[in-house]
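Everything on this sheet refers to the single structure shown next.
Values in this text are rule-based calculations from the coordinates and carry no lab data. Because the structure is a prediction, the values reported are computed rather than measured. Don't worry about glycine lacking a Cβ; one is built from the backbone with ideal geometry, like all the others, and counts go over all protein chains shown.
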Amino acid sequence: MTRFGIGYDVHKLAPNRKLILGGVEIAHPLGLEAHSDGDVLIHAIIDALLGAATLGDIGQHFPMTDEFKNVSSCELLKRTCEMVSAKGYALGNVDSIIVAQKPKLAPHIGAMRQRLAQVMNIDIDAVSVKAKTEEGLGFTGTEQGIASYAVASLEK
């Protein structure tokens, strides 16, 4: 049986924060404001995995408590994969999109795919990361924030 889940996340850009996407730190004057490290790509993937496994959402498992303050989203993704596995599912693949006007993300896509595959313990060919701009439209186009979408498949 194959199951699918979809995830979405968004965070505001803010000064004095590191920009981390897909577990990769990217040089940029602004980072993502969040309780954790703000990695919108990983947060969307987590919600896609949890949705496919009918395990709720990221806020249920990783609430805004001291335990998760400034936590690495890679750690949250690892824990999510363990929950999914404990329910008897194997990860099939992940397809994702990051929506950001700046910085240009194409040079970082390979490193993101590699890091995500490593954390999820799957082949890099099962991880797709794409980046899009919004041609200056909306909150992402005006560089107020970054959003991400993800779809994940699970096999049982």
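The table for this structure:
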{"quantity": "Mean-position separation - Cα centroids, region 100-123 and region 135-156, in angstrom", "calculated": "14"}
{"quantity": "Listed residue pairs exceeding 26 Å between alpha carbons, taken from Lys87/Lys132; Lys12/Lys69; Lys12/Lys156; Lys12/Lys78; Lys132/Lys156", "calculated": "Lys87/Lys132; Lys12/Lys156; Lys132/Lys156"}
{"quantity": "Ranked Thr2, Thr140, Thr133, criterion: other C-beta atoms within 10 Å, fewest first", "calculated": "Thr2, Thr133, Thr140"}
{"quantity": "Neighbour-count order for Met120, Met1, Met83, Met64, fewest beta carbons within 10 angstrom listed first", "calculated": "Met1, Met64, Met83, Met120"}
{"quantity": "Amide N proximity, region 115-148 versus Lys12 label position 7 Å along Cα-to-Cβ, cut-off under 17 Å", "calculated": "138-147"}
{"quantity": "Spin-label model distance (nm) - Ala106 vs Arg79, 7 Å beyond Cα toward Cβ", "calculated": "3.7"}
{"quantity": "Segment Asp95-Met64, extension gain: residue separation times 0.36 nm, minus the distance between their alpha carbons", "calculated": "8.5 nm"}
{"quantity": "Qualifying GluC sites (Glu not before Pro) in region 28-83, DSSP loop, other Cβ atoms within 10 Å at most 16", "calculated": "Glu33"}
{"quantity": "Spin-label model distance (nm) - His35 vs Thr54, 7 Å beyond Cα toward Cβ", "calculated": "2.6"}
{"quantity": "Over the chain - Rg/Rh using Cα atoms and the Kirkwood inverse-distance radius", "calculated": "0.95"}
{"quantity": "Lys87-Asp125 FRET efficiency (beta carbon distance; Förster radius 35 Å; 0.05 resolution)", "calculated": "0.90"}
{"quantity": "Positive dipole terminus of the chain, leading residue within His11, Met64, Gln101 (C-beta point charges)", "calculated": "Gln101"}
